[in-house]
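Down below is the structure, laid out as structure tokens.
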Amino acid sequence: MALTAAGALAAGMALFMTAPAAAGTTLGASAAEKGRYFGTAVAGFKLSDSAYTTILNREFNMVTAENEMKMNATEPQQGQFSYGAADQIVNHARSRGMSVRGHTLAWHSQQPGWMESMSGSALRSAMLNHVTQVATHFRGQVVAWDVVNEAFADGSSGARRDSNLQRTGNDWIEAAFRAARAADPGAKLCYNDYNTDNWTHAKTQGVYNMVRDFKQRGVPIDCVGFQAHFNNDSPYVSNFRTTLSSFAALGVDVQITELDIQGASANTYRSVVEDCLAVARCNGITVWGIRDSDSWRASQTPLLFNNNGSKKPAYDAVLAALNNGTTPTDPPTDPPTDPPTDPPTTPPPGPGGCTATVSVNQWTGGFVANVRVTAGSSALNGWTVTIALPSGATVTNAWSANRSGNTGTTNWTNVAYNGQVGAGQFTEWGFQANGTAGSLTPTCSAR
Ligand code: G3I
């Protein structure tokens with residue numbers, strides 16, 4: 001059932017904004033034109049390297065701390081938390097208008113020594129306390145968390161990886177997600193893994209089945225991270241787009257979280273970008289480092305910049321793909337239990353301002369609403385959408401938008417990477433709610 005309602009066209013207040021890079025000239029600006037972000041992993045000790053920060057500040061609008069938010073860095077002694085290194089990265093990023101992905105709250109690797117030797121209920125409690133404390137510290141500062149990292153085994157089993165965390169009980173992952181939601185309801189909660197790019201692989205299917213189960217049981221998960229470390233042993237595969245779109249159809253966002261490609265083939269980088277742009281709920285791409293010398297796999301020269309900071313052919317291919325890409329074209333994704341919805345019929349661009357249309361997938365007891373914001377004849381630098389929810393409907397999670405209110409009249413505003421919408425272009429976001437949607441009539445105003 002697709003509900004459409006033209007929103008009000010309103011002349012928004014001009015926004016005072018620092019002059020963004022000209023559209024199409026940097027990775028972040030070009031991605032933002034398509035309602036996406038383009039990010040990089042950042043090593044805190046390199047923020048004193050001006051060549052490093054010149055590229056970082058110019059090219060990227062999303063940052064992931066490469067090591068500084070991990071369990072051993074943030075809780076080196078049990079109950080003693082240390083955030084200085086991570087805060088430095090977060091402050092650098094956010095003071096320059098970049099968003100931040102948190103990485104990672106619960107992982108079998110890079111645990112502090114005191115945690116590695118724990119087991120059972122004591123370890124479960126310690127892990128949940130870690131998740132709660134760290135997510136609380138960064139509350140409001142990160143747009144997404146890799147809540148759990150690499151919990152599935154490599155190979156043909158499709159089973160969970162054996163780890164001290166897995167041995168506390170199979171429900172450790174959902175417990176971590178619930179704790180993260182309670183600590184930071186505004187962050188998108190992601191499961192992140194590698195070698196989950198090939199749709200036919202057992203590990204990919206194992207993660208898919210877990211995410212489907214979580215969505216059906218209402219476990220708070222909003223996105224899946226695909227690390228996308230491609231090399232000769234684990235090459236890029238042409239069904240990667242099938243993987244991304246299949247996960248998105250479960251009602252989660254997908255994010256390419258740690259991209260690097262052995263040899264940095266321009267064609268392969270182009271393919272990855274085109275795969276993301278082809279999937280409406282692919283929020284963006286993060287490369288795992290800036291220059292080849294910054295890479296954990298430096299000898300494979302897998303990144304977009306040479307050691308001297310010059311752009312490689314892969315950079316040019318990525319920028320061209322971002323600029324030639326299309327804005328989300330897929331119809332809104334559907335949870336697997338409902339018949340597909342029709343894509344919203346977007347009214348023609350008006351004289352200015354914006355319009356909002358909504359497509360609802362209703363099931364017994366809940367629904368997902370996908371909202372499309374379309375700019376009028378003038379580009380948008382930000383938008384606000386108001387949606388009056390019927391009695392009994394309560395928002396349980398949302399993606400690619402900030403919200404105020406979970407019931408009644410709700411107000412939604414753009415996040416960092418989807419406020420800029422070209423004239424006549426659109427960006428999409430959505431939310432999940434308990435209850436019945438009824439007939440939603442969103443109104444849109446330019447900010
Ligand atoms: O900070 C210490 C330093 O004090 C010490 O002198 C030095 C030598 O032992 O080690 C330094 O710590 C290193 C750390 O990176 C910071 O540079 C660790 O040894 C080293 O193991 C660690 O490697 C990181 C790796 O994760 C650990 O698993 C890489 O930088 C980082 O890029 C990599 O990132 C992971 C993602 O988090 C998850 N997905 C896979 C990805 C690649 O492994």
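The values are calculated or read from the model by the stated rules, or taken from the named source; none is laboratory data. This structure is a prediction, so every number in the text was calculated from the model and none was measured. Using ideal geometry, Cβ is built from the backbone for each residue, glycine included, and neighbour counts are taken over all protein chains shown. The area values use the complete protein model at the heavy-atom level, side chains included, leaving out ligands, DNA and RNA. Shrake-Rupley method; radii C 1.70, N 1.55, O 1.52, S 1.80 Å.
From 99, 48, which residue is at pLDDT 95 or above and surrounded by fewer than 16 Cβ atoms within 10 Å (Cβ to Cβ)?
48
Can you pull out the residues in region 352-388 that are surrounded by fewer than 24 Cβ atoms within 10 Å (Cβ to Cβ) and among the hydroxyl-bearing types (Ser, Thr, Tyr)?
364, 377, 378, 384, 386
Of the residues that sit in region 40-71 and are among the basic types (Lys, Arg) and within 16 Å of the ligand (Cβ to nearest atom), which one is nearest to residue 287 (Cα to Cα)? Working first, answer last.
The initial filter retains those residues of region 40-71 that are among the basic types (Lys, Arg), namely 46, 58, 70.
If we keep only those that are within 16 Å of the ligand (Cβ to nearest atom) as well, we get 46, 70.
Numbers: 46: 16, 70: 18 Å.
Looking at residues that are among the basic types (Lys, Arg) and within 16 Å of the ligand (Cβ to nearest atom), I get 46.
Quick one: residue 117 ticks every box in (1) without any contact (Cβ under 8 Å) to a residue 24 or more places away in the chain; (2) closer than 22 Å to residue 207 by Cβ; (3) of a type in the set (Gly, Ala, Ser) except a single one, so which number is it?
That leaves (2) as the condition not met.
If you go through region 399-409, how many residues are touching a Phe, Trp or Tyr at 6+ places or on another chain (Cβ under 8 Å) and closer than 14 Å to residue 442 by Cβ?
Here the count works out to 2.
So which of 59, 75, 150 ends up being within 30 Å of residue 208 (Cβ to Cβ), of a type in the set (Asp, Glu) and crowded, with 20+ Cβ neighbours inside 10 Å? Write out each step before concluding.
On the way: 59 fails: within 30 Å of residue 208 (Cβ to Cβ); 75 fails: within 30 Å of residue 208 (Cβ to Cβ).
Just one listed residue meets the conditions, 150.
Taking the condition of being within 16 Å of the ligand (Cβ to nearest atom), assigned to a helix (DSSP H, G or I) and either among the β-branched types (Val, Ile, Thr) or touching a Lys or Arg at 6+ places or on another chain (Cβ under 7 Å) (or both), how many residues in region 109-143 meet it?
1
How many residues are assigned to a loop (DSSP other than H, G, I, E, B), surrounded by fewer than 19 Cβ atoms within 10 Å (Cβ to Cβ) and in contact (Cβ under 8 Å) with a residue 24 or more places away in the chain when one looks only at region 392-405? Break it down into steps so the answer makes sense when it comes.
Filtering region 392-405 for residues assigned to a loop (DSSP other than H, G, I, E, B) gives 392-393, 400-401, 405.
Still in the running and surrounded by fewer than 19 Cβ atoms within 10 Å (Cβ to Cβ): 392, 405.
Cutting the leftovers down to in contact (Cβ under 8 Å) with a residue 24 or more places away in the chain gives us 392.
Here the count works out to 1.
Of the residues 423, 437, only one is open to solvent by 10 Å² or more (accessible area, probe 1.4 Å) and of a type in the set (A, V, I, L, M, F, W, C); which? So that I can check it myself, show each step before the final result.
Details: 437 fails: open to solvent by 10 Å² or more (accessible area, probe 1.4 Å).
The conditions single out 423.
For region 72-87, name all the residues that are more than 23 Å from the chain's Cα centre (by Cα) and part of a loop (DSSP other than H, G, I, E, B).
Residues satisfying the conditions are 75, 76, 78, 79, 81, 82.
Residue 288: within 27 Å of residue 144 (Cα to Cα), at pLDDT 65 or above and crowded, with 19+ Cβ neighbours inside 10 Å, yes or no?
Working: within 27 Å of residue 144 (Cα to Cα): yes; at pLDDT 65 or above: yes; crowded, with 19+ Cβ neighbours inside 10 Å: yes.
Yes: the conditions hold for residue 288.
Answer yes if at least one residue in region 226-246 is of a type in the set (Gly, Ala, Ser), over 13 Å from the mean Cα position of the chain (by Cα), within 24 Å of residue 33 (Cβ to Cβ) and crowded, with 22+ Cβ neighbours inside 10 Å, and no otherwise. First the steps, then the outcome.
Start the filter on region 226-246 by keeping residues that are of a type in the set (Gly, Ala, Ser), which leaves 228, 234, 238, 245-246.
Next, only the ones that are over 13 Å from the mean Cα position of the chain (by Cα) stay: 228, 234, 238, 245-246.
Right, trim to within 24 Å of residue 33 (Cβ to Cβ) and you get 228, 245.
Subsequent filtering for residues that are crowded, with 22+ Cβ neighbours inside 10 Å retains 228.
Checked against the condition, which is being of a type in the set (Gly, Ala, Ser), over 13 Å from the mean Cα position of the chain (by Cα), within 24 Å of residue 33 (Cβ to Cβ) and crowded, with 22+ Cβ neighbours inside 10 Å, region 226-246 yields at least one hit.
Might you let me know whether region 144-163 holds any residue that is in contact with a His (Cβ under 6 Å, 6 or more places away or on another chain), part of a loop (DSSP other than H, G, I, E, B) and either away from the ligand (no atom under 13 Å from the Cβ) or of a type in the set (A, V, I, L, M) (or both)? Walk me through it before giving the result.
Initially, region 144-163 is screened for residues in contact with a His (Cβ under 6 Å, 6 or more places away or on another chain), giving 146, 163.
Restricting the remaining residues to those that are part of a loop (DSSP other than H, G, I, E, B) gives 163.
Now restrict to residues that are either away from the ligand (no atom under 13 Å from the Cβ) or of a type in the set (A, V, I, L, M) (or both): 163.
Yes, the conditions are met somewhere in region 144-163.
Need pairs with beta-carbon distance below 6 Å; first residue within 13 Å of the ligand (Cβ to nearest atom) and within region 194-205, second in a helix (DSSP H, G or I); sequence gap 6+ or separate chains.
Short answer, once both residue conditions are applied: 195/203; 196/203; 196/204; 196/207.
Go through (1) farther than 24 Å from residue 190 by Cα; (2) assigned to a loop (DSSP other than H, G, I, E, B); (3) touching a residue at least 40 places away in the same chain (Cβ under 8 Å) one by one and return the number of the condition residue 444 breaks.
Against the list (1) farther than 24 Å from residue 190 by Cα; (2) assigned to a loop (DSSP other than H, G, I, E, B); (3) touching a residue at least 40 places away in the same chain (Cβ under 8 Å), residue 444 comes up short only on (2).
Here is a yes/no grid of residues against (1) modelled with pLDDT under 95; (2) part of a loop (DSSP other than H, G, I, E, B); (3) closer than 26 Å to residue 303 by Cα; (4) among the aromatic types (Phe, Trp, Tyr):
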{"site": "199", "(1), (2), (3), (4)": "no, yes, yes, yes"}
{"site": "219", "(1), (2), (3), (4)": "no, yes, no, no"}
{"site": "244", "(1), (2), (3), (4)": "no, no, yes, no"}
{"site": "257", "(1), (2), (3), (4)": "no, no, yes, no"}
